[in-house]
Amino acid sequence: MKTDKDNPKGISRRDALKRMGLFVAGAAALSMPTALTSCDNEKKKRIILYFTATGNSLYIARQLADEETELLSIPQIVKQGRHDFEADEIGIVYPIYGHMPPNMVRNFIKQARIKAGYKFAVLTYGMLDFNAAELWDGISQQAGTKFDYINTLVMVDNWLPNFDMAEQMKMDKHIPEQLEKIKADLGQRMRWVKPATEEARRAHDGFVAFSRLDPEVGFLMRSEKYFQVTDACIGCGVCTEVCPRGNYELTSTGVNTEGDCDFCFACIHNCPQKAIQFRSLPDDPLLARGEVNPNARYRNEHISLWSIKESNRQ
Ligand SMILES: Cc1cc2nc3c(=O)[nH]c(=O)nc-3n(C[C@H](O)[C@H](O)[C@H](O)COP(=O)(O)O)c2cc1C
Ligand code: SF4
Ligand code: SF4
């Protein structure tokens with residue numbers, strides 16, 4: 001298994017950046033499609049695109065990658081304005097939010113031109129995936145890209161309003177077993193979309209109605225409405241680097257947050273002081289009861305803070 005901890009000194013910075021899609025050999029690489037490599041041994045070229053806030057999806061993306069795989073952070077490629085991707089196999093890994101993709105991932109797929117003989121998607125989640133695979137099938141096909149394989153994988157649930165991270169981290173969700181199954185499916189280039197039941201579709205529709213979210217948009221909030229920074233802040237600047245929207249700023253009077261927000265929770269989970277808290281919002285359907293445990297935060301045990309920053313920094 002490849003983790004940050006296996007290699008405490010880290011792979012070379014150049015290799016690390018290359019694997020995360022952050023190393024660009026000349027400006028042309030920003031706009032050019034990724035060329036197929038003509039390897040002597042005919043090794044298949046795989047690209048994996050990912051979005052992550054607390055590391056689960058990055059961990060899975062890394063587990064599905066081999067030495068030749070190009071790992072690309074969606075916030076970074078959005079920042080670069082890159083839309084063209086070509087390889088033998090292209091995968092996408094993202095966390096589901098209300099069973100839907102993050103808003104940034106949804107907008108990304110609408111603009112992307114993805115050419116590959118085999119396309120797969122692995123959606124990480126924490127408790128209930130309902131019709132998440134089917135929703136991605138619809139969204140991506142509407143955007144002109146059909147994925148051959150869409151599956152989900154259950155991990156720690158980082159949704160703070162309902163879950164205590166200390167409890168979540170104690171649960172064994174059998175991640176290695178799920179991963180082995182997905183790897184075997186991908187090895188056979190299985191064509192399959194995890195089916196949804198009528199009950200799951202109804203439950204998703206119920207969630208959308210309850211949450212008052214627009215199903216065509218998903219979670220797109222305003223960070224100044226939901227988050228506040230307490231006196232525990234030490235001005236370390238982590239929040240300014242882990243937010244995929246670049247919504248945090250260190251000012252002369254403290255830390256300010258403002259802007260369209262995916263509600264990914266990278267800021268609130270990764271603040272080392274637990275100084276980012278939800279505002280009191282008694283009328284908000286999702287936050288009316290605040291959060292379960294303001295003293296428990298989560299980052300995937302295999303993923304370093306450095307990797308989250310490199311994935312999301314704007
Ligand atoms: C805004 C938001 C909504 C979420 N919605 C769901 C959900 O509908 N079902 C679920 O099982 N998990 C849900 N989760 C949990 C995440 O999908 C899960 O923890 C994911 O693995 C986190 O991935 P990451 O560590 O790569 O950010 C939600 C998390 C957030 C922040
Ligand atoms: S990450 Fe937390 S402690 Fe660091 S500057 Fe941001 S709010 Fe302050
Ligand atoms: S403000 Fe926080 S929750 Fe919103 S996009 Fe940035 S890191 Fe994610």
Handout entry: Accessible area of residue 192 in the full protein assembly, 1.4 Å probe (Å², nearest 10)
Key = 90
Problem - Largest to smallest principal axis extent of the C-alpha atoms in the chain, angstrom - result: 59, 48, 36
Completion exercise
the chain accessible area per residue, 1.4 Å probe, protein heavy atoms, integer Å², reads 46
Handout entry: Two-site FRET efficiency, residue 249 against residue 295, from Cβ-Cβ distance with R₀ of 22 Å, rounded to 0.05
Key = 0.30
Completion exercise
Taking only the alpha carbons of region 108-227, the radius of gyration and the largest Cα-Cα distance, Dmax, both in angstrom, are 16.1, 46
Completion exercise
For residue 146 and residue 79, extending 7 Å from Cα along the Cα-Cβ vector and measuring point to point gives, in nm, a value of 3.6
Completion exercise
Using the Kirkwood formula on alpha carbons, the hydrodynamic radius of region 132-191 in angstrom works out to 13.8
Practice task
Multiply the residue separation of residue 236 and residue 68 by 0.36 nm, subtract the distance between their alpha-carbon atoms, and state the gained length in nm to one decimal.
Solution key: 56.9 nm
Practice task
Take the alpha carbon atoms of region 269-314, find their center, do the same for region 199-257, and report the distance between the two centers in whole angstrom.
Solution key: 9
Practice task
Provide the percentage of antiparallel DSSP beta bridges, counting only those with both residues in the chain; round to the nearest 5.
Solution key: 30
Practice task
Could you order 281, 64 so the one with the most accessible surface comes first? Probe is 1.4 Å.
Solution key: 281, 64
Problem - Given charges at beta-carbon only (K, R positive; D, E negative), |dipole| of the chain in Debye - result: 600
Exercise for the section: Report, in debye and to the nearest 20, how large the dipole of region 226-314 comes out about its Cα centre when Lys and Arg carry +1 and Asp and Glu carry -1 on their Cβ. Expected result: 240
Completion exercise
Residue-ordered couplings for region 93-102, obtained by feeding phi - 60° into the Karplus form 6.51 cos²θ - 1.76 cosθ + 1.60 and rounding to whole Hz (Gly and Pro as x), are 10, 8, x, 7, 10, x, 6, 9, x, x
Exercise for the section: Taking amide H positions as placed in the peptide plane 1.01 Å from N, state which residues far from residue 91 in sequence (5 or more) or on other chains have amide H under 5 Å from it. Expected result: 47, 48, 49, 120
Handout entry: About the Cα centre, charge dipole magnitude for region 63-164 (Lys/Arg +1, Asp/Glu -1 at Cβ), debye
Key = 580
Completion exercise
In whole percent, the fraction of accessible protein surface over the chain that belongs to carbon or sulfur atoms, probe radius 1.4 Å, stands at 50
Practice task
Translational diffusion coefficient, Stokes-Einstein: compute it for region 38-124 using the Kirkwood radius over C-alpha pairs as Rh, at 4 °C and 1.567 mPa s, and state it as an integer in µm² s⁻¹.
Solution key: 98
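The values are calculated or read from the model by the stated rules, or taken from the named source; none is laboratory data. This one's a predicted model, so the numbers in the text were calculated from it and none came from an experiment. Note that each Cβ is placed from the backbone with ideal geometry, even for glycine, and that neighbours are counted across all protein chains shown. Heads up: the accessible areas ignore ligands, DNA and RNA and are worked out on the full protein's heavy atoms, side chains in. Shrake-Rupley method; radii C 1.70, N 1.55, O 1.52, S 1.80 Å.
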